[in-house]
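Report on the following structure.
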Amino acid sequence: RSAVGLLRQAGEGLADAREQPEPLLRYPAAYLAALRAAAAVLAVRAVPQARRGPARNVWQLLTEVAPELAEWAAFFASCSRTRAAAEAGIARLVAQRDADDQLRQAEQFVELVERSLTG
């Protein structure tokens with residue numbers, strides 16, 4: 001159930017990103033949609049374990065539980081700083097093309113996750 005909710009939120013996030021003309025809003029909205037899709041995969045596949053070692057982020061965990069999505073995880077992990085910059089209002093780091101590219105990548109990723117989880 002939680003995975004379905006997360007996928008729904010990812011879809012809503014993509015719709016929100018599509019409506020944002022401002023790159024500083026579009027980029028993080030698209031990133032967050034991808035993050036929610038990744039969380040849906042974790043909700044389905046992750047097995048709770050006792051925590052050992054340093055904390056891991058969603059993208060690191062996604063690589064562990066869904067190795068077939070490792071390239072996507074690496075891509076979105078590499079976007080984390082740009083997302084933070086956009087949220088901080090640092091416009092010189094996020095052009096319109098960057099935001100549009102992020103949205104396209106997030107759309108592809110969310111679609112892939114939906115297909116893999118819903119059959």
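The values are calculated or read from the model by the stated rules, or taken from the named source; none is laboratory data. Only a predicted model underlies this, so the values are computations on that prediction, with no experimental measurement involved. Don't worry about glycine lacking a Cβ; one is built from the backbone with ideal geometry, like all the others, and counts go over all protein chains shown. All accessible areas refer to the heavy atoms of the entire protein, side chains included, with ligands and DNA or RNA removed. Shrake-Rupley method; radii C 1.70, N 1.55, O 1.52, S 1.80 Å.
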Counting only helical runs of four or more DSSP H residues, what would the 222 nm mean residue ellipticity of the chain come to if each run contributes -39,500 (n - 2.57) and the total is spread over all its residues?
-24500 deg cm²/dmol
At a 1.4 Å probe radius, carbon and sulfur cover how many percent of the accessible area of the chain?
52
At R0 = 22 Å the Cβ-Cβ FRET efficiency linking ALA88 and VAL4, nearest 0.05, sits at 0.10
With +1 on the Cβ of every Lys and Arg and -1 on the Cβ of every Asp and Glu, and nothing else charged, how large is the dipole of the chain about its Cα centre, in debye rounded to the nearest 20?
460
Exposed-loop-free span, longest in the chain, where trypsin sites (Lys or Arg not before Pro) count as exposed if DSSP calls them loop and at most 13 other C-beta atoms lie within 10 Å:
57-119
Determine, from the Cβ-Cβ distance of ARG52 and GLN108 and an R0 of 30 Å, the FRET efficiency 1/(1 + (r/R0)^6), rounded to the nearest 0.05.
0.35
Return the label of the correct value of Cα extents along the principal axes in Å, as calculated from the structure shown, out of [x] 48, 34, 22; [y] 41, 33, 21; [z] 52, 32, 20.
[y]
